[in-house]
Amino acid sequence: MSNIDQLERDIVGAIAVANDEAALEAVRVSALGRKGSVSELLKTLGTMTPDERKLQGPRINGLKERVTAALAERRTVLKGAALTARLNTEAVDVTLPVREPPTETGRIHPISQVVDELTAIFADMGFAVAEGPDIETDEYNFAMLNFPPSHPARDMHDTFFFNPKPDGSRMLLRTHTSPVQIRTMLTQKPPIRVIIPGRTYRVDSDQTHTPMFHQVEGLVIDKGSHLGHLKWILQEFCKAFFEVDQVKMRFRPSFFPFTEPSLEVDIQCRRDKGEIRFGEGEDWLEILGCGMVHPKVLRNCGLDPDEYQGFAWGLGIDRIAMLKYGMPDLRPFFDADVRWLSHYGFRPLDLPTLAGGLTS
């Protein structure tokens, strides 16, 4: 009997008695590993004469193939035995319901959903999304937006102020997203078309007001912008957002320090059994404020009002979410109640698109 035949018998015998995959792996390494017995034989082929290599080559390579096949066969047997043992020791109650995957049980918060809807609508009109810090300076939040020093919004009962700095200035939690309009006009050259969704803060709390809430504003700055453009944009937005074919709007004179003229917008609706339906009826509901950007605001941002003009609008994201999806109280938006979110939330993979439908 040759050494190769004896080696094969030893290896196959070790494979046969390996009682688990760890022991089998040890046999494989000792035979086929980098310094294994079969590997060492293969290394000797390079030192043989051509005649010896012609004789021993097939025998050594055949040994390697048979050992590899034996290892694979034994591994299959051991895996089957391990599975059988596991099935015999683990009990599965087949009467229990299957757990739904996170993509089915998870829900997108209505505020996040509405922000995605707004972004989809205005992106289709060519608007970009602008963002800014929640903590602002008095200059960006009030002064550059043409708020006079005596304006009541600057009082502590309406605005969250931080403690004064050594120089007497005070930072604050922004009361609107309008400071981002200032930041945008200071850093970008016209034409400008942006929407600004984000958190805002005011000292207020009841069924329809919370100390922290969400707004979205829009800003257009160009050489030929006018109220006709603003009206069309708002009409198209309302039709797309409330998913109606037609919508009637009325514009009423109002006053905001940062726009001139300033307008408030009502949308036609019908109130029926506690629900509000848009695009029909004889009632009106105020949904937003808007106007042409005040010339002083343009000058504060380094823009010439004789060359550029623009318009802006703003509305509460929480409010339009309540109107569209029939939520009677604003406070649960911030309660982190999983039951409420399961009822009013949205499936995570149902992304809003104009082509596929915002709420499909």
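At a glance:
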{"read-out": "Selected from 34, 250, 202 as most flexible by GNM, with the chain as the system and alpha-carbon contacts under 10 Å", "value": "34"}
{"read-out": "Projected-area average for segment 240-302 over all orientations - Cα convex hull basis, square nanometres", "value": "5.6"}
{"read-out": "³J(HN,Hα) computed for each position of segment 33-41 - Karplus, 6.51 cos²θ - 1.76 cosθ + 1.60, integer Hz, glycine/proline x", "value": "x, 4, 10, x, 4, 5, 5, 5, 5"}
{"read-out": "Backbone HN-Hα couplings from phi across segment 56-69 [Karplus 6.51/-1.76/1.60, Hz, Gly and Pro as x]", "value": "7, x, x, 5, 5, 5, x, 4, 4, 5, 5, 5, 4, 5"}
{"read-out": "Of [x] 56, 43, 42; [y] 109, 54, 47; [z] 83, 43, 35, the label for Cα extents along the principal axes in Å derived from the coordinates", "value": "[y]"}
{"read-out": "Per-pair calculated FRET efficiency, R0 = 45 Å: residue 3 and residue 82 via Cβ, rounded to 0.05", "value": "0.80"}
{"read-out": "Karplus (6.51, -1.76, 1.60) ³J(HN,Hα), θ = phi - 60°, over segment 117-134, in Hz, Gly and Pro reported as x", "value": "5, 4, 4, 5, 5, 6, 4, 5, 8, x, 8, 9, 9, 10, 9, x, x, 6"}
{"read-out": "Relative contact order %, the chain, counting alpha carbon pairs below 8 Å whose residues are six or more apart", "value": "16"}
{"read-out": "Residue-averaged 222 nm ellipticity for the chain, from DSSP H runs of 4+ at -39500 (n - 2.57), nearest 500", "value": "-12500 deg cm²/dmol"}
{"read-out": "Segment 168-226 - percent relative contact order, Cα under 8 Å, separation 6 or more", "value": "37"}
{"read-out": "Contact order relative to length of segment 207-360, as percent, for alpha carbon pairs under 8 angstrom and 6 or more apart", "value": "27"}
{"read-out": "Heavy atoms of residue 158 accessible to a 1.4 Å probe, total area in Å² rounded to 10", "value": "50"}
{"read-out": "Cross-link table 165/296; 189/231; 248/273; 165/189, entries beyond 30 Å C-alpha to C-alpha", "value": "165/189"}
{"read-out": "Surface accessible to a 1.4 Å probe, per residue, for the residues of segment 238-360, Å²", "value": "53"}
{"read-out": "Average accessible area per residue (Å²) across segment 64-108 - probe 1.4 Å, nucleic acids and ligands excluded", "value": "85"}
{"read-out": "Shape of segment 1-120, Cα gyration tensor, a/c cut at 1.5", "value": "oblate"}
{"read-out": "Amide H within-cut-off set for residue 225, under 5 Å, with H built and near neighbours excluded", "value": "309"}
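The values are calculated or read from the model by the stated rules, or taken from the named source; none is laboratory data. Keep in mind that this is a model prediction, so the values were computed, not measured. Here Cβ is always computed from backbone atoms with ideal geometry, including for glycine, and neighbour counts include all displayed protein chains. The protein model used for the area step is the full one, side chains on, heavy atoms only, and it has no ligands, DNA or RNA in it. Shrake-Rupley method; radii C 1.70, N 1.55, O 1.52, S 1.80 Å.
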